[in-house]
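Structure first, commentary second.
What follows is calculated from the coordinates using simple rules that are stated; it is not laboratory data. None of these values were measured; they are calculated from a predicted model. With ideal geometry, Cβ positions are generated from the backbone for all residues, glycine too; neighbour counts draw on all protein chains shown.
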Amino acid sequence: MNEGFFAYLLVLAGSTYLIRALPFALVRRRIKNRFLQSFLYYIPYAVLAAMTFPAAVYATDHPISALAGIAVAIVFALFEKGLTAVALAACVTALAVGTIF
């Protein structure tokens, strides 16, 4: 293995640990600010959306078919369908639109 690999691994592990452990070490009491609470509540959803959306758009050969699949997934999710139904409908839609184009 490359000698730099372990150095990179240590830096990555250290930075990840600091990002997760530092708030626990610095904030000892419960956060009472409603704005900060809601901000911290929605961070995981925002990060997940920021990571998932570009991957979903570029998952097919044609972005139009991917956007059609995303649109169908959003509609199914708004109608509170299950995760399997949403994923299946999005995949079938992307496949159908991709076949047309």
Among 79-90, 5-16, how do they line up from the highest to the lowest mean number of other beta-carbon atoms within 10 Å? 79-90, 5-16
How high is the FRET efficiency from Leu26 to Leu67, r the C-beta distance, R0 30 Å, rounded to 0.05? 0.10
Value of [θ]222 nm, deg cm²/dmol, for the chain, DSSP H segments ≥ 4, -39500 (n - 2.57) each, nearest 500: -28000 deg cm²/dmol
For the chain, set up a GNM with springs between Cα atoms under 10 Å and report which of Ala25, Ala46, Ala68 has the largest fluctuation. Ala25
Pull out the extension gain between Cys91 and Phe5, defined as 0.36 nm times the separation in residues minus the alpha carbon to alpha carbon distance; nm, one decimal. 27.1 nm
